[in-house]
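Some notes on the structure that comes next.
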Amino acid sequence: MPELPEVEVVRRGVETWAAGRTVLGTEVHDPRSLRRHAEGTEQFISTLTGAQLGTPQRRGKFLWIPLSSPEADQRAGAALLIHLGMSGQVLIEDSEAPREKHLKITLRLSAQEPAQLRFVDQRIFGGMQISALVPAEHPSGAVPEGAAHIGPDPLEPAVTAEQLFRALRRRRSGLKRALLDQQLLSGVGNIYADEALWLSGLHFARRTETITRAETARLLSAVSEVMEAALAAGGTSFDALYVNVNGTSGYFDRSLQCYGQEGKACDRCAQTGAETLIRRTPFMGRSSFWCPRCQPRPRQGRW
DNA sequence: AGATAGTCCTGTGGGC
DNA sequence: TGCCCACAGGACTATC
């Protein structure tokens, strides 16, 4: 399940391999991957073909490639917006590479091999769309309309603990629910939410309106830390990740302390001589993993 | 406003 | 062995 670090690894790969190249041709093998592109398949193809790819950008789990054209025309100020969903992959491959079973979209790129940017997506929760760029507070100065509704992500300098603190206090909800809400802070999915809550010693059901400044600062640091760690683990050899960036490879799993660790001893407790087992609790139609000692369940009144 | 349920998909795996 | 069905989950929408 690609979350922010996985998407950033893909972004870096696309920057290395595809930025500056021209789209010579576009093939849509399955229009369901264009579900969010309202103008239809033909318009997608005609807009993309002939455009030059700029430096890829990212906010949260959304990735986009600004498009430009030598003759300034209607393509100016637009971007190819990509979301990997559950199972999306972006592959840069030689033209003769065997066709993937779930290949959805192919961009033929100028100049040299590897000359294809392929979008592969087994479950089709992800997709591509062409989206107008609108000015926004983002390191690049703009975000695509299709991603304008989500909040900044923890790796953007604009995010501060004070800002997050005020947003959480305004809310009347559970802490993990708020963390998964992409409009508040983007890029956090189920895996890194659990990791960050564990690292900061906060329970997933903690009421947001009772959170303190210190706890918020701890939480935000923890979110950044687990994401930077995953990025460091996966970002060093992203060539290999091109083969499989969908998260099922387990590439990022090595560093997980809490998520998926049900029944295993909590590392932090072990260091203090205690033996506590990580628990799994059904939550929001999925699972939450937590340590009952590090992340005590809030008492009545703190929920 | 917050919570819940339904929708989009397909491969996996448990149950029988 | 093989069939069926529940399940998984990110983002979005509809509804309470």
> Taking the range A:108-125 on its own, how many of its residues are assigned to a loop (DSSP other than H, G, I, E, B) and open to solvent by 30 Å² or more (accessible area, probe 1.4 Å)?
Replying inline: 6
> If you take the residues in the range A:12-34 that are basic (Lys, Arg) and modelled with pLDDT of 90 or more, which one is nearest to A:GLY85 (Cα to Cα)?
Replying inline: A:ARG32
>> Looking only at the range A:204-233, how many residues end up being basic (Lys, Arg) and open to solvent by less than 30 Å² (accessible area, probe 1.4 Å)?
In response: 1
> How about the range A:126-149: which of its residues are farther than 20 Å from A:SER46 by Cα, buried (at least 16 other Cβ atoms within 10 Å of the Cβ) and within 16 Å of DNA strand B (Cβ to nearest atom)?
Replying inline: A:GLY126
> If you take the residues of the range A:14-36 that are open to solvent by less than 20 Å² (accessible area, probe 1.4 Å) and touching a Pro at 6+ places or on another chain (Cβ under 9 Å), which of them is farthest from A:SER110 (Cα to Cα)?
Replying inline: A:VAL14
>> If I filter the range A:10-22 for residues that are farther than 21 Å from A:ARG123 by Cα, within 14 Å of DNA strand C (Cβ to nearest atom) and not acidic (Asp, Glu), do I get at least one hit?
In response: no
> Which residues, taken from the range A:84-107, are open to solvent by less than 30 Å² (accessible area, probe 1.4 Å), assigned to a loop (DSSP other than H, G, I, E, B), within 16 Å of DNA strand C (Cβ to nearest atom) and not hydroxyl-bearing (Ser, Thr, Tyr)?
Replying inline: A:LEU84, A:GLY85
> Inside the range A:174-203, can you point out the residues that are part of a loop (DSSP other than H, G, I, E, B), open to solvent by 20 Å² or more (accessible area, probe 1.4 Å) and away from DNA strand B (no atom under 11 Å from the Cβ)?
Replying inline: A:GLN182, A:GLY201
> Which of the residues that make up the range A:154-173 are open to solvent by 20 Å² or more (accessible area, probe 1.4 Å) and within 14 Å of DNA strand B (Cβ to nearest atom)?
Replying inline: A:ARG166, A:ARG169, A:ARG170, A:ARG171, A:ARG172
>> Among the residues of the range A:87-99, are any closer than 28 Å to A:ASN190 by Cα, polar (S, T, N, Q) and touching a residue at least 24 places away in the same chain (Cβ under 8 Å)?
In response: yes
> Which one of these is part of a helix (DSSP H, G or I), touching a strand residue (DSSP E or B) at 6+ places or on another chain (Cβ under 7 Å) and assigned by TED's automatic domain parsing to the domain that holds A:ALA132: A:VAL23, A:VAL14, A:VAL9?
Replying inline: A:VAL14
>> One residue is enough: does the range A:46-58 have a residue meeting the conditions touching a residue at least 60 places away in the same chain (Cβ under 8 Å), over 19 Å from the mean Cα position of the chain (by Cα) and either in a loop (DSSP other than H, G, I, E, B) or surrounded by fewer than 14 Cβ atoms within 10 Å (Cβ to Cβ) (or both)?
In response: no
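The values are calculated or read from the model by the stated rules, or taken from the named source; none is laboratory data. Because the structure is a prediction, the values reported are computed rather than measured. Glycine also receives a Cβ, built like all others from the backbone with ideal geometry; neighbour counts cover every protein chain displayed. The area values use the complete protein model at the heavy-atom level, side chains included, leaving out ligands, DNA and RNA. Shrake-Rupley method; radii C 1.70, N 1.55, O 1.52, S 1.80 Å.
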